[in-house]
1. So which of K526/K558; K558/K603; K43/K141; K528/K585; K153/K526; K144/K558 end up more than 32 Å apart, counting from Cα to Cα?
2. How much net charge surrounds E312 when only other residues with a Cβ under 11 Å from its Cβ are counted (Lys, Arg +1; Asp, Glu -1)?
3. At 1.4 Å probe radius, can you tell me the per residue accessible area of the chain in Å²?
4. May I ask you to derive the relative contact order of the chain, considering only C-alpha pairs under 8 Å and at least 6 residues apart, and to give it as an integer percent?
5. Starting at the first residue of the stretch 321-331, write each ³J(HN,Hα) from the Karplus equation 6.51 cos²θ - 1.76 cosθ + 1.60 with θ = phi - 60°, in whole Hz, x for Gly and Pro.
6. At a 1.4 Å probe, what is the % contribution of carbon and sulfur to the accessible area of the stretch 656-787?
7. For the stretch 156-247, with all protein chains present and a 1.4 Å probe, just round the carbon and sulfur fraction of the accessible area to a whole percent.
8. Can you give the alpha-carbon Rg of the stretch 395-471 over 2.2 N^0.38 Å, where N counts its residues?
Amino acid sequence: MTAASLREQVAAERAALRAAYLARPNPGRLLKAHAQLIDRTVKSVPGLPQGAALVATGGYGRGELYPSSDIDLLVLLAREPGPAERESLERLIGTLWDIGLEIGHSVRTIQGCLEAADDDVTVRTTLLESARAIDPVAFLKAKKLEQEQRHAKHQDTAYSLEPNLKEAPGGLRDLQVIQWIARAAGIGRSWGELVAQGLIERDEARQLAKGEALLQDMRIRLHYLAGRREDRLVFDVQSALATQFGYRDSAHRRASEAMMQRYYQTAKGVTQLNTILLQNLEARLAPEPDVAPRALNERFRIRGELLEMAHERLFDEQPLAILEGFLLLMQHQELRGMTAPTLRALYRARRRINAQFRSNPLARLMFLHILQQPRGIVHEFRRMNQYGILGRYLPEFGRIVGQMQHDLFHVYTVDQHILMVVRNLRRFTQPEFAHEFPLCSELSSGFERRWLLYIAALYHDIAKGRGGDHSHLGSSDVRSFSNRHGLAKEDRELVQFLVENHLAMSHVAQKQDVHDPEVLRAFAEKVKTERRLVALYLLTVADVRGTSPKVWNAWKGKLLEDLYRAARRVLTGEPLARDAALAEKQAEAARLLRLYALSDAVKDRLWASLDITYFLRHDAQEIAWHTRNLHYRVDGEKPVVKARLAPFGEGLQVMIYTRDREALFARICGYFDRAGFDIAEAKVHTTRNGYALDTFVVMGQGRDAHYQDRIAMIEAELADELKSDAPLGAPRGGRLSRRVRHFPISPSVDIRPDERGAYQVLSVVASDRPGLLYGIARTLARYHINLQTARINTLGDRVEDVFLVSSDALASPKTVLQVEQDLLKELQISP
């Protein structure tokens, strides 16, 4: 049979499959029948070299071939192909394409497959059926990392307005990850087998099967509607797809909105069960040491690194414990979540949050405490939303969960946009992100009772979809919230003003002439006070950034900043050369310099090379110390190393100024490691003229470290080290603390782009040990990753470091995954 006739036959059989499916939908039957059709077709094409085999991989290999998916084939050879075999294979693949099959192929020997599987978790997954010697624990960890990276690409939310059915959180891939891990561990191949193994309950298995069938059905129909491989529920097909599912427009709701809300509910359930199953699989495959749980209070205890309810009836008998659980997660940073039984019980008890619960003064006080915590607000609010708690406590929020926004700039549902705005406001408070929006970070650092901004963020869009002016309706809602929760009059008025006017600053900045005195006067009269202006500016920037990664740009940022500065001049009557906090810090540094008989002019050259991030991250004493030692050698060729007794207590503070170079941070860390110093803090900064200006706080070992005697040694030896081109040495060994030996922290590594896309933010959490930072730095140097800034934070035996890095290599998701895996190996405590 010719390629043309085969092409016609395949097209006809595919059309028949489509007609049969749309008449009587059965996803599993369609996917299997399509795979069998391709089996027959591929087998009928001659040209496979002798001794070679065609292996179906991916979805095709699983017998789950979607209408327009690639047909993944592995050409398996006994040995490397010669010229004649290569030519034969090229003809074969070309014929398959001529038939109309979109082939994705690879050519490997058996040995090549095994080597590729060792190096690449994706290949390991593809060859799962034949990889009998797979290490299930390593496979689980690699798939968890891969899932985290995939979720990060989708902003860690299933609630995009055009979600990816396959790859987004709550999509088909989240279900496949569970199935792959269970299969690799020999635990089971179906949801029913996982029930028999005690990993999930029967009703959860039914929920998973139902969710899987819906997602498969949607993806099949999506391929048919688009006429090509399309895994995103794009706006173009949502209405047609909703019609196929039987939805109809109503007076207040589009058919597509009803369908999408069903999708979001399904994705939410998949995400919940994915969390529970991954936790249970990890407990089964890599159990923690059998340590008795530690009581936290009468209601909760700590099991490993997870929060656990004291007894299974806790939430039913004491509903206030529902909110308390989230508060405890925020207050105990050693906790990384809740146990699976606790999560199940929490979700099932959500209806205990009723009118009586909401009127309880203790519940209201606890919710305010959650808002006022210094860490974990965004993470726990997202978790509260995921398990239906936030929408039960704030019914007005519950009404907008999964609600679409049909405009030209929002890319998230209303609830996810709101949580993104809260996240952006929180980001302004974190020094490691000060480079993104320096003015916002500076203003936020001096804003009292920042938690009021989070309330305004929660309510600014909460009335969308009700009809009428959502700003006015939301203002009424936040007034009721403020009264119920006993906010002071000034605070009530602030949050109400912010919700009522949250669009005002964008409107003036983008649509009016901010240089017109009348425009400025009218805007200032609306705002009335400088505190309100600061709050509105912060909320506006956070709001615009939270609509879509593509909406914010430098032009919009400049318009808003110009309006802020001009309005502040009107309100204060003062020229605004610099903002108060920064100006005060610089003035104090200049005063300290005058104590050394240095004129005000000596600082100018150095300070001109430093950006606002530097001044935000260093205090006036450090700025003066740096300036005093560097003002006359800003462009010097020789490294400058200066050390002094740490001004705040034990240890030495070491300043390094030298031309930036590859692996500089690793070389510095290596020196301190060899010299027997632990790095307690590192402030890494790159100047505008290409110099590294780094400040370290280092501690010697033992109480009698003789710091004063070691200053000259460090200044001389480290300066010589900075000139060296010798290879980086291995980290030194050292004793672990008893706590780390017996209660190690599960390390975590996360790499994702910053808001501007210029750098990557690397976050590391691990147990502290000698040489840890040097090990991290060596790994970064091995991948030629450049360090821009670093925040080293050691809390007892816990390390929480954040690095701002850049490298062309990090543009590849595969490289990012490999770096994360190598860093995890470096962070792991050896038994």
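1. Numbers: K526/K558 21 Å; K558/K603 28 Å; K43/K141 37 Å; K528/K585 27 Å; K153/K526 40 Å; K144/K558 40 Å.
Beyond 32 Å between Cα atoms: K43/K141; K153/K526; K144/K558.
2. Numbers: positive: R313, R344, R348; negative: E308, D316, E317.
Neighbourhood net charge equals 0.
3. On the way: 37430 Å² over 831 residues.
Normalised by residue count, the accessible surface of the chain is 45 Å².
4. Working: 1144 pairs, mean separation 55.2, N = 831.
Contact order relative to length: 7 percent.
5. My calculation for the stretch 321-331 gives 5, 4, 5, 4, x, 5, 4, 5, 4, 6, 7 Hz in order.
6. Details: 2960 of 6150 Å².
Roughly 48 percent, rounded to a whole number.
7. On the way: 1490 of 3420 Å².
Carbon plus sulfur share of accessible area: 44 percent.
8. On the way: Rg = 14.2 Å, N = 77, 2.2 N^0.38 = 11.5 Å.
In units of the 2.2 N^0.38 Å rule of thumb, it is 1.24.
The values are calculated or read from the model by the stated rules, or taken from the named source; none is laboratory data. Here the structure is a predicted model, which means the values were calculated and not measured. Methodologically, a virtual Cβ is constructed for each residue, glycine included, from the backbone with ideal geometry; neighbour enumeration extends over all protein chains shown. Accessible surface areas use protein heavy atoms only, side chains included; no ligands, DNA or RNA. Shrake-Rupley method; radii C 1.70, N 1.55, O 1.52, S 1.80 Å.
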